[in-house]
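Chemist: Here it is, the structure in full.
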Amino acid sequence: MIDLTTTLVHHPYSAPNGFRAPLPGVYKASTVIFDNVAALRSRDWKRRDAYTYGLHGTPTSFTLEERLCTLEGGLQCVLVPSGLAAIANVSLALLRAGDEVLIPDNAYGPNKALAEGELANFGIRHRLYNPLDAQDLADKIGPSTRLVWLEAPGSVSMEFPDLITLVRVCRDRGVCCALDNTWGAGLAFRPFDLLPEEAHAPLGVDVSIQALTKYPSGGGDVLMGSIITRDEALHLKIKLTHMRLGLGVAANDLELVLRSLPSIALRYDAHDAAARQLANWCQDRPEVAQVLHPALPESPGHAAWSALCGGPQGRAAGLFSIILNERYSVEQVDAFCDALRLFRLGFSWGSFMSLVVPYDLAGMRSVWPAHMERGTLVRFSIGLEDWQDLRDDLDQAMAQALV
Ligand SMILES: *Cc1c(COP(=O)(O)O)cnc(C)c1O
């Protein structure tokens, strides 16, 4: 059994003229040239062996699509210009006026914003469900529910849902489920094989999207998203919407992700190891009321993470949040973030540089979650710096601002 890391390095690729190098060629095209009029007229833009137009795919985009399918265990892939575009492409492909979509209360914020904006404008309703309560999801699925979004763990607040049970609820009710798998990245668990030994077919999600912007790129310099499926008809639906919306990705960005992908598992594990060291350190600090990291036994959803990702030795991304004691004012928490020297202030995550953002959790949730301590939430994305340097940075900033 060859490891996924090895497979990504030795993934099949043959250059058209037999040229051999570690990385595939970078083909740039809006126009694709046909041999004759008959070839132009008989083209089928959906076919992967018959190039039609740059928007519909090049040898470079098809190669990345194949590697991402390998990474996540899917069969078809559509590439889009950002992670958010992947969410939008899926929602717009699968929903129409009168339909309802269910979104976890702790979802990536812009997913909710899309539902409140364009989806509402198009006559599509949405409701939020509690991702830690499968019964709440089951109760909210109604006759017009066409799509359920899943995220594991939730953005910012890091609660890990019982994904297997949530997916089973969707399957039992015949509702399509789409996972935002940016955190898992295809490494922490297999989204299409949550329970590989299920009687009829493996239990898994119908759609997995990723912000390739995060770990697959790893550089903090690319925006891209992927939409992976295992069902040809579902893929085609998404691909038709993708074509009609005119979504494309640039060849130079494809090149950067192709260059980063072979090292994704090494980087993911390094981010993970450092984040766990720092999360543990934060747990012992008097300034910190709660540490939110699914691998910590006290963190909400820890048992679900452990069951899905393979126990205490299982993988987790390099992301965690802390809730600072409620005795600190918002101004003090801001001053703490400003006092950090190695952690930079900025959105996104998954690159080599550690980042910090304070969040207003009350403004992000319909209700204050019962499993959260009161206080101000600060999220860290751990980069590839030495973890003890990062610890010293946290220490000096706490000493300076949290007095
Ligand atoms: C970053 C992120 C996205 C969006 O990705 P962009 O490429 O920045 O649009 C979506 N979901 C999650 C969970 C993310 O962290």
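Chemist: Given the C-alpha centroids of segment 175-232 and segment 20-86, what is the distance between them in whole angstrom?
Modeler: 20
Chemist: Would you mind calculating the gained length between Val26 and Arg173 on full extension (0.36 nm times residue separation, minus the Cα-Cα distance), in nm to one decimal?
Modeler: 48.5 nm
Chemist: Now for a separate question. Can you pull the one-decimal nm distance between simple spin-label points at Lys140 and Asp44, each 7 Å off the Cα toward Cβ?
Modeler: For the pair Lys140/Asp44, the computed spacing is 4.0 nm.
Chemist: Okay, next question. Return the loop-located chymotrypsin sites (Phe, Trp or Tyr not before Pro) in segment 138-247 (DSSP other than H, G, I, E, B) with at most 13 other Cβ atoms within 10 Å of their own Cβ; answer none if there are none.
Modeler: Sites meeting the loop and neighbour criteria: none at all.
Chemist: If all Cα-Cα distances of segment 263-401 are sorted into 10 Å bins from 0 onward, what percent lands in each bin, rounded to whole numbers?
Modeler: Going out from 0 Å in 10 Å bins, segment 263-401 shows 12, 43, 36, 9, 0 percent.
Chemist: Let me ask another. Across 20 Å bins from 0, what is the distribution of all Cα-Cα pair distances for the chain, in whole percents?
Modeler: Histogramming the chain at 20 Å steps yields 27, 56, 16, 1 percent.
Chemist: Can you give the relative contact order of the chain as a percent, counting alpha carbon pairs under 8 Å and 6+ residues apart?
Modeler: RCO, the chain: 16 percent.
Chemist: Run the quick spin-label model on Glu298 and Arg341: label points 7 Å from Cα toward the beta carbon, then report their separation in nm to one decimal.
Modeler: 2.9
Chemist: Checking a compactness column here: for segment 190-297, what do you get for Rg(Cα) / (2.2 N^0.38 Å), N being the number of residues?
Modeler: Numbers: Rg = 18.6 Å, N = 108, 2.2 N^0.38 = 13.0 Å.
Dividing the Cα Rg of segment 190-297 by 2.2 N^0.38 Å gives 1.43.
Chemist: What percent antiparallel are the DSSP beta bridges of the chain, to the nearest 5?
Modeler: Counting DSSP beta bridges with both partners in the chain, the antiparallel share is about 60 percent.
Chemist: Each residue of segment 84-100 in turn: what ³J(HN,Hα) in whole Hz from Karplus with 6.51, -1.76, 1.60 and θ = phi - 60°, glycine and Pro shown as x?
Modeler: 5, 4, 5, 4, 5, 4, 5, 4, 6, 6, 9, 10, 9, 3, x, 7, 10
Chemist: Compare Ala339, Ala250, Ala38 in a GNM of the chain, Cα atoms joined below 10 Å, and give the one with the largest fluctuation.
Modeler: Ranking Ala339, Ala250, Ala38 by mean-square fluctuation puts Ala38 first.
Chemist: Measuring from a point 7 Å past the Cα of Glu197 along Cα-to-C-beta, which residues in segment 69-91 have an amide N at less than 16 Å?
Modeler: Within reach of a label on Glu197: no residues.
Chemist: Would you mind computing Rg(Cα) / (2.2 N^0.38 Å) for segment 37-262, counting N as its residues?
Modeler: Details: Rg = 17.2 Å, N = 226, 2.2 N^0.38 = 17.3 Å.
Scaled against compact globular proteins, the figure is 1.00.
Chemist: Given the Cα-Cα distance of Ala362 and Asp35 and 0.36 nm per residue of separation, how much length would full extension add, in nm?
Modeler: Residue separation times 0.36 nm, minus the Cα-Cα distance, leaves 111.7 nm.
Chemist: Another question, if that's okay. Gaussian network model of the chain, Cα springs within a sub-10 Å range: biggest mean-square fluctuation belongs to which of Leu261, Leu240, Leu292?
Modeler: Leu240
Chemist: Under 5 Å between amide hydrogens, which residues at least 5 positions from Leu195 or on another chain qualify, with H placed 1.01 Å from N in the peptide plane?
Modeler: Leu203
Chemist: Show that you can apply the helix-only estimate: for the chain, add -39,500 (n - 2.57) for every DSSP H stretch of four or more residues, divide by all residues, and state [θ] at 222 nm to the nearest 500.
Modeler: -10500 deg cm²/dmol
Chemist: At R0 = 35 Å, how high is the FRET efficiency between Gln400 and Ala120 if r is their beta carbon distance? Nearest 0.05 is fine.
Modeler: 0.20
Chemist: Continuing with the same structure: 7 Å from Cα along Cα→Cβ at both Asp3 and Arg391: what's the point-to-point distance in nm?
Modeler: Going from the Asp3 label point to the Arg391 one covers 2.5 nm.
Chemist: GNM, the chain, Cα, under 10 Å: largest mean-square fluctuation among Trp349, Trp305, Trp387?
Modeler: Evaluated over the chain, the most mobile residue of the options is Trp387.
Read-outs throughout are calculated quantities, based only on the coordinates presented, and are distinct from any laboratory measurement. Nothing here was measured: the structure is a model prediction, and the numbers come from that model. Because the Cβ atoms are built from the backbone with ideal geometry, glycine has one as well, and the counts that use them run over all protein chains shown.
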